[in-house]
Structure formats: structure tokens, C-alpha cells
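A short worksheet on the structure shown next.
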Amino acid sequence: MSAPRLAWLDALRGIGALAVVVEHILPWFLPSLRFYWFNPGVYGILVFFLVSGYIIPASLERHGDVRAFWISRFFRLYPLYLAVIAVVLALAWWVPVREAVPRDGSAVAAHATMLLDVVSVGGVADTMWTLSYEMVFYLVVTALFLTRGHRRSGTLAIVFAAGAVLVGLLTPGAVLGGGWLAYASCAVFVVGLTCVVWDRFRTAAATVLGVMAVTLLVLSSRVPWLGVAVLAVMFAGTAIYRWERGEAGLWPVAVTAALVGITPVWAVMSGWWWVQAGVWVTTIALAGATFAGAMALRGRRLPKVAVWLGLISYSLYLVHHPVLKYVVEITGDLRARELPYQLAVTAVALVAVLALSALAYRYVEKPMQALGRRVSRQSRLQSAGEARVPPEHLGDDRVLGHEEGQVPDRVRDNVGD
């Protein structure tokens, strides 16, 4: 795959990551510069989820190797995730772990699966909530792939978008709750993925995992309509991929966007500013336009800084919020300070965030990704004689084989939450 082909995806990640950092810096560091005509944080997560929806099914379809896919996902996501958890817990004597995190085994179970938000458990680091929806998407896509239902991307996008509208009208919050959800989902997750990876009742296990993921999404998410809308956006990304390949039209994407645009009915009544009609629709439109613009430039060279930010975007996503908390703990409340001082502290904070994110990518992400590729190659050799789904799109390297999965942070008004 040529560098220009990869660059547009990395540029999108870099843009999304910066948008999320902006959303978290402005309220506490530069409140006088904050704007409300669109939400940078929501914009960032929509861009990231479109990227994941575009690339994840393509990666799985190319090789037809479910085991290699999950090995790759584990080494891509978990090492840095566990490292950040360790650091946050180690510094809890200074900046305490969030109140939203249960002080019992359910927190361990929820963190083990990454299904935090869909079992209504807060993450040790605030930024971990969107990983829940990435994991739900992986589970659903795996089930669809093994049951040969993965090519109906446009239909799935519309179904989830319509479901988001319905859920938004009927369920303002989680229907199911309690620590048992974290324990039960962890047990099913571990047993199910073991079966999937080691090819023991693989299709049945993947189907159970996919059904469990969607059930949790609808019945026990912190904000059910948002979770279902996220799945719609991700499948819209897949539908765009199919359109690019000439396999389908773009009309399902347009329908999905329209339905997602009218989804947050209950949220509007609850007074959340970022889902007011003007803000919500503008944010969606900007995210879509950004994705379309980057896609249009996919054959051209893009600014190196944008590509570099994309490479470190997963580290930036997990690292920046804890670092901002630590800076606020050192400097104190900046909101009443003079603007020059706020700007100076903001500059220092940004340098610290970028430097630590780059180090995390260099010494945690990159070597673990390399190890994952080696393990994945060995897995392919070992499973060469096993029955597996035939690969699709052989020889098409336009978007395949790239490391994806970065997602941005939850939209919050306070760094100190």
C-alpha cells in the first residue's frame, strides 16, 4: 500500500485527536475562547468512528482470518490501555481515580473486556468510554463475517440509525444495571473469544458475542441512543468503503446521516447543549465533510504533521486527559486567571501531552504492534490447514493492512470530572 493511500486515514485520526484535545482544554484552560456552535469532541469521535467503520471490515475481509484479526486487535489496543490504567492507579494517591469507577471486582471485569460504557461502568481514565463501542463493533462485525452477513453494510447502517431514533424515544437511560452485568459479560467475552480464536464452535461463539454486544448496547449503555447511533455511524463508514469499491450506492449513508441527525430526542429535552438541533446537525455535517475531504485527497501527499498526529492518535487519546488533570492539579484552577497566563500554561500542557503521547507510541504501541504482527503471522502458518472464510478483495491494498482503531475521548465540560 502506498504512503499517500495511508496518509488520508492518518490525517483523519490526527484531526480527530486534535479536536478532542481542544474540547478538553478549552473549558479549564481557555474558557473565554470556548465556542458552542459545534462540539469538537463529538466531531472527533464521529470522525474516528467513520474511520474504524471504513477500515475494520476491510481488514477482516482481506485475509478471512478471524484468529489473526483478534490477535492484531489485542496487541493494538490492550498494551497501551493497560499501561495507562497502571499509571493512573499508581498516581491515585495524588489525583484520585474517578468516582464513577466501582470500588469492587466489577470494575476489573469491565476493564478486562473494554465493554465499560455498555455495562454502565466508568473507566479508570475518562477517555476509555469509546473503546466500548469499538469493541462492540468488532464483536458484531466478527459475527456478521462468519455468518456471511457482513456485506449488508448499508442496510445495517440504516437499521441501527432507525434503532437509535426508537431507543432515544423509549429509553432515556439504561434498563439493566448492576455489577453482575460486568461479571457476566466478562465471562461470556472470555469464553466466547477463546472459542473464536481457537476455532472451537467458532461461528456459534461469535454469534453469541455479537448478540450479547448489541443487547448490552441497547439495554445497559449509559446513553443507549448514543451507543446505537455510534454503530450506525460505523456501518455508514463501511458502506462508504463498499461504495468506493463500486459494490453499492451512497444513499444508505445519506439516510443514516438523516436518522442520526434526529436521534437525540430525549437528550434535547434533558438540556444537553451539544445535542441541540443546530449544534448536533452542524457537528455531524462537519465530521462527514472532513471524512469526504480527506477521502478526496487520498491520492495526494498530506502535511506530515497531520499524518504524524494520526500515528500517535491512540496514545494521544488515552494519554491527554490524565495529563491535563495532572497539570490542573499543579497549577490550580485556571479559569479566573489572566489570558496570557492561561495561554502559557496551555502551551506547556500541549507540549507535555504531545511529548508523552509520542513516547507512548514509540515505546509501547509500536513494539507491541510489531510483536502482534509476528504472532499473527505465526498464527496464519499454524492455521493454514484449518477451514476458514475465504479472503476477499485479494490484491487490493488501498486501505487494507493499516493499523486502525483509535478513538477519541468523551465530551466533558470539566477536566476534573
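What the table below lists for this structure:
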read-out: The one condition in (1) closer than 16 Å to residue 215 by Cβ; (2) surrounded by fewer than 22 Cβ atoms within 10 Å (Cβ to Cβ) that residue 105 fails to fulfil; value: (1)
read-out: Residues within segment 221-257 that are in a helix (DSSP H, G or I) and among the small types (Gly, Ala, Ser), tallied; value: 8
read-out: Condition check for residue 208: part of a helix (DSSP H, G or I) and over 30 Å from residue 192 (Cα atoms); value: no
read-out: Hey, residue 180 part of a helix (DSSP H, G or I), among the aromatic types (Phe, Trp, Tyr) and over 19 Å from the mean Cα position of the chain (by Cα) or not; value: yes
read-out: Pairs where the first residue, in segment 351-362, is among the small types (Gly, Ala, Ser) and at pLDDT 95 or above and the second is crowded, with 17+ Cβ neighbours inside 10 Å and not in a helix (DSSP H, G or I), C-beta under 8 Å, 6+ apart; value: 357/312; 358/312; 360/312
read-out: Selection from segment 89-128 of residues that are out of contact with any Gly (no Cβ under 6 Å at 6 or more places or on another chain), part of a helix (DSSP H, G or I) and not aliphatic (A, V, I, L, M); value: 105, 111, 113, 117, 126, 127
read-out: Hits in segment 210-225 (condition: under 13 Å from residue 167 (Cα atoms) and β-branched (Val, Ile, Thr)); value: 214, 215, 218, 223
read-out: Residue within segment 101-122 that is out of contact with any strand residue (DSSP E or B) (no Cβ under 9 Å at 6 or more places or on another chain) and without any contact (Cβ under 8 Å) to a residue 12 or more places away in the chain present; value: yes
read-out: Residue in segment 167-177 that is closer than 16 Å to residue 73 by Cβ and either among the aliphatic types (A, V, I, L, M) or modelled with pLDDT of 95 or more (or both) present; value: no
read-out: Residue within segment 176-195 that is over 25 Å from residue 123 (Cβ atoms) and surrounded by fewer than 23 Cβ atoms within 10 Å (Cβ to Cβ) present; value: yes
read-out: Of residues in segment 196-206 being surrounded by fewer than 18 Cβ atoms within 10 Å (Cβ to Cβ) and not charged (D, E, K, R), the one modelled with the highest pLDDT; value: 204
read-out: Residues of segment 296-344 classified as more than 29 Å from the chain's Cα centre (by Cα) and of a type in the set (Val, Ile, Thr), total; value: 2
read-out: Single condition residue 200 does not satisfy, out of (1) farther than 19 Å from residue 280 by Cα; (2) in a helix (DSSP H, G or I); (3) without any contact (Cβ under 8 Å) to a residue 40 or more places away in the chain; value: (2)
read-out: Qualifying positions in segment 153-175 - over 18 Å from residue 257 (Cβ atoms) and either surrounded by 18 or more Cβ atoms within 10 Å (Cβ to Cβ) or not aliphatic (A, V, I, L, M) (or both); value: 171, 172, 173, 174
read-out: First in segment 305-329 and in contact (Cβ under 8 Å) with a residue 40 or more places away in the chain and within 19 Å of residue 40 (Cβ to Cβ), second anywhere and buried (at least 20 other Cβ atoms within 10 Å of the Cβ) and of a type in the set (Lys, Arg), Cβ under 7 Å, 6 or more apart; value: 310/13; 313/13
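The values are calculated or read from the model by the stated rules, or taken from the named source; none is laboratory data. All values derive from a computational prediction rather than experimental measurement. We place every Cβ from the backbone using ideal geometry, glycine too, and count neighbours over all the protein chains shown.
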